[in-house]
Amino acid sequence: MPQYLSPGVYVEEVEAGSRPIEGVGTSVAAFVGLAQRGPFNQPTQVTNWTQFVQAFGDFMDGSYLAHAVYGYFLNGGGTCFVVRIGANGAAPAARAELPLGRDKALPYRITALEAGPGGNDITVDIADASEPGDDVFKLIVKRGGKEAEVYDNVTTKKGRRNVVTAVKTQSKLIQLEEIPGATAMEPVSQGHTALAGGGASAPVRVTPDAYVGNSNDRTGFGGLEAVDTVTMLAVPDLMAAYQAGVIDLEAVQAVQGAMIAHCELMGDRIAILDSPPGLNAQQVREWRVDKAKYDSKYATLYWPWIKIFDPVAGQTTLVPPSGHMAGIWARSDDTRGVHKAPANEVIRGAVDLEQGITKSEHDQLNPQGINVLRAFPGRGIRVWGARTLSSDPAWRYINVRRLFNYIEGSILGGTQWVVFEPNDMALWERAKRTINSFLVRVWRDGALFGATPQEAFYVKCDSETNPAEEIDAGKLTVEVGIAPVKPAEFVVFRIAQFSGGASLAE
């Protein structure tokens, strides 16, 4: 407390009784797969389709990653992280050599920063500098015949105007380096040099380890442990590798099992799994129940595959639905909230389904947690399931699991101020008020069941949850109970005849 030694008026700022809790994001997907180019094994944030094309390239044969990301944005997704794998067989980069300077001819190597045939369009011109001087020249970098970068009044001598330093710090097209121990060539004061030698990448054999990766090395989806904002995980190119014969069905199950383990370890995200292609209703049930045997509240499975238009082939093609489903989750969160089950939603971009299904077949799949996509006459192609792969009835529905993830993440991030505060009854009350205020907002949004806040949730933090031995151990325990809303999965109308006070019921 401040000391007051002379008469006067003093103003003090004091902490408020509670601090508001901000809700965390729930609509950030992560995709792992193959791409034409881009950062290798590095989670890269992408916010729209144009940005994805600039960073990773367009649609390509033998990969579903681009289709999944496109479907994600088409169906309402806003932000996602993309992890490119399978880039070990790097494409050769275009390059050239030229001597620079007037007094001494020093051989330099020019290498395109972008690997592959795209670097063959780059040319480098040497011209006179705008300011005449000793060993001073102008370096002009062009791409496709159009001037892209200009380095004026640079020199081969050491200093702030050194050409290698200027290119290294500013260029987005080339890399310039001196060739050590090379034989001097005829110096060039003016000239034109074209890069060549860029080619396509060699085919790479993608193993299950490439998808799973390692959290220490930040590879595969294991590297996503460092990205706290991810709430959905999809690996659409796992099925591309299976179709190409690179991995078998057991390897598919191993990778999907690792996806589930990753989500359970993180506790804040859900794996969106794809079924193998070409399965009918009976086969997908056998695969789910007898072979895969998944049981997790942090995973969900969609079937069948969807048919979309492929710009590369110029015709329709089948793709796994995980990318489109992630977009629908994001759309549902934005329009209704995370408490709304992401079902009975139209799949944008879907032309048809791989398999049709009858109601009796659906009756066999839904209890096993297989979320079926169905086509309804006059109502489009819709998601007709909202279950997890858990056998626990308490965690049967996707929206319940995601609502708990949202509440847990929000409370965790919004109560960090409690750490190292004096553990007394005043702190207990402040923590209770903070969490109560947040849960009242959640209840008003329709995410909790109950006519009043008292029916929807409770927050307990007192001497019973914090006995003396717990306080001595430096622990503060707050008990929170919530009543989540459940989706109306089975809607029943009971209809009876009514006539003159008597009724007949069937």
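Below, the figures for the structure above:
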{"item": "Cross-link pairs K293/K359; K293/K460; K293/K432 - those with Cα-Cα distance over 31 Å", "result": "K293/K460; K293/K432"}
{"item": "11 Å beta-carbon shell around P453, net charge (K/R +1, D/E -1)", "result": "+1"}
{"item": "Rough spin-label spacing in nm, given labels placed 7 Å along Cα→Cβ, for F376 and K293", "result": "3.7"}
{"item": "Options (i) 44; (ii) 19; (iii) 40 - which one matches percent of Cα pairs over 40 Å apart as calculated here", "result": "(i)"}
{"item": "Exposure proxy ranking, count of Cβ atoms within 10 Å, fewest first, for H324, H262, H192", "result": "H192, H262, H324"}
{"item": "Nearest 10 degrees, 0 to 90: helix 322-335 Cα axis against the chain principal axis", "result": "60"}
{"item": "Percent RCO, i.e. relative contact order, over the chain, from Cα pairs under 8 Å lying at least 6 residues apart", "result": "15"}
{"item": "Segment 405-458 shape via C-alpha gyration tensor axes, a/c threshold 1.5", "result": "oblate"}
{"item": "Gain upon complete extension [L412, D125; 0.36 nm per residue less C-alpha separation]", "result": "97.6 nm"}
{"item": "Amide proton proximity set for I174, modelled H, under 5 Å, gap of 5+", "result": "L113"}
{"item": "Helix-only CD estimate at 222 nm, as mean residue ellipticity for the chain, using -39500 (n - 2.57) per DSSP H run (n ≥ 4)", "result": "-7500 deg cm²/dmol"}
{"item": "0 to 90° range, to nearest 10: angle between helix 398-414 axis and the chain longest Cα axis", "result": "70"}
{"item": "Within-13-Å neighbourhood charge of A426 [Cβ basis; K, R +1; D, E -1]", "result": "-2"}
{"item": "Potential extension, K172-E455 segment - 0.36 nm per residue separation minus Cα distance", "result": "95.9 nm"}
{"item": "Efficiency of FRET between V11 and Q368 - r from beta-carbon atoms, R0 56 angstrom, step 0.05", "result": "0.30"}
{"item": "Separation in nanometres of the label points that stand 7 Å from Cα toward Cβ, at I471 and Q3", "result": "3.0"}
{"item": "Positive-end extreme of charge dipole, the chain - chosen from A468, M60, S130 (charges on Cβ)", "result": "M60"}
{"item": "Most to least packed among 214-220, 73-79, 492-498 [average Cβ atoms within 10 Å]", "result": "73-79, 214-220, 492-498"}
{"item": "Amide H contacts of N344 (H built 1.01 Å from N, under 5 Å, at least 5 apart or other chain)", "result": "V383, W384, G385"}
{"item": "By average C-beta atoms within 10 angstrom, highest first, the peptides 3-12, 413-422", "result": "413-422, 3-12"}
{"item": "Estimated FRET transfer efficiency when R0 is 30 angstrom, pair T207-V346 (beta carbons, to 0.05)", "result": "0.20"}
{"item": "Exposure proxy order (Cβ contacts within 10 Å, fewest to most) of V255, V53, V136", "result": "V53, V136, V255"}
{"item": "Share antiparallel - DSSP beta bridges, the chain, percent rounded to 5", "result": "75"}
{"item": "Additional length obtainable on full extension of the chain from K157 to D424, 0.36 nm per residue less Cα span", "result": "89.3 nm"}
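We did not get these values from a lab; they are worked out from the coordinates using the rules stated. Fair warning: this is a prediction, and the values are worked out from it, not measured in the lab. Note: ideal-geometry Cβ built from the backbone for every residue, glycine included; neighbour counts use all protein chains shown.
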